[in-house]
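Below is one structure, written out as structure tokens; the observations come after it.
The values are calculated or read from the model by the stated rules, or taken from the named source; none is laboratory data. Just so it is clear, the model here is predicted, and its values are computed rather than measured. Neighbour counts run over all protein chains shown; Cβ positions are idealised from the backbone, glycine included. All accessible areas refer to the heavy atoms of the entire protein, side chains included, with ligands and DNA or RNA removed. Shrake-Rupley method; radii C 1.70, N 1.55, O 1.52, S 1.80 Å.
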Amino acid sequence: MTIADWTIAAAVFLTYIVMLPAKLDPSFDNRDPRACHAAQKGLRRRAYSAHLNGFEALVFFIPAVLLAEFRGAPQGFVDAAALVFVVARAVYGACYLANLGAARSVAWAVGFLSACAIFVSPLWI
């Protein structure tokens with residue numbers, strides 16, 4: 001497996017890790033989690049929002065990595081860009097939890113642009 005393959009797993013795990021503050025809420029009701037999350041405020045609400053955004057990011061990132069690898073893109077570039085994506089998503093999650101909107105937007109942009117670069121990398125062969 002390539003480094004980029006492992007970053008897919010890392011990105012998925014980050015999506016769940018960032019949600020821990022929302023799930024560890026003492027008043028969390030697992031019988032109706034969506035209603036519970038909708039009622040959460042502050043850090044816990046931001047954690048859930050970051051979790052949802054993580055899935056939105058995966059929808060583009062995972063196919064980009066797989067397409068690049070299937071099409072024989074330069075593996076070193078794909079690996080490096082995928083690592084940038086994961087680091088950017090980790091920073092994004094931390095900024096979301098810390099309520100740092102501007103920094104969060106920068107981290108989102110870095111992650112998105114790295115996924116875009118991965119997607120078009122087969123054009124370079």
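Solvent-free Debye calculation, one equal scatterer per alpha-carbon of segment 84-125: log10 I(q)/I(0) at 0.13 Å⁻¹ equals -0.30.
Using alpha-carbon pairs under 8 Å, 6+ residues apart, how would you state the relative contact order of the chain in percent?
The normalised contact order for the chain reaches 31 percent.
Solvent-accessible area of Val110, all protein chains in place: 60 Å² (probe radius 1.4 Å, heavy atoms, ligands and nucleic acids excluded). Adding -39500 (n - 2.57) for every DSSP H run of four residues or longer, then dividing by how many residues the chain holds, sets the calculated 222 nm ellipticity at -26000 deg cm²/dmol.
Largest mean-square fluctuation among Phe70, Phe13, Phe85, in a Gaussian network model of the chain whose springs join Cα atoms under 10 Å apart, belongs to Phe70. Figure note: Glu69, Glu56 ranked by solvent-accessible area, largest first, 1.4 Å probe, ligands and nucleic acids not counted: Glu56, Glu69. The shape of segment 41-102 can be summarised by an equivalent ellipsoid whose semi-axes, obtained from the alpha carbon gyration tensor, come to 29, 12, 6 Å from longest to shortest. Note on Asn99 and Arg71: the extension gain reaches 6.2 nm, defined as 0.36 nm multiplied by sequence separation minus the Cα-Cα distance. When Ile8, Ile125, Ile17 are compared by accessible area of protein heavy atoms, the largest-first order is Ile125, Ile17, Ile8, using a 1.4 Å probe. Largest accessible area first, the residues Phe119, Phe77 order themselves as Phe119, Phe77 under a 1.4 Å probe with ligands, DNA and RNA left out.
Residue-normalised convex hull volume from the C-alpha trace of segment 15-58: 64 Å³ per residue. Local charge for Asp5 was computed over the other residues whose Cβ lies under 13 Å away, with Lys and Arg +1 and Asp and Glu -1, and equals -2. Treating each Cα of the chain as an identical point scatterer and summing with the Debye formula, the log10 of I(q)/I(0) at q = 0.17, 0.22, 0.23 Å⁻¹ comes to -0.80, -1.12, -1.19.
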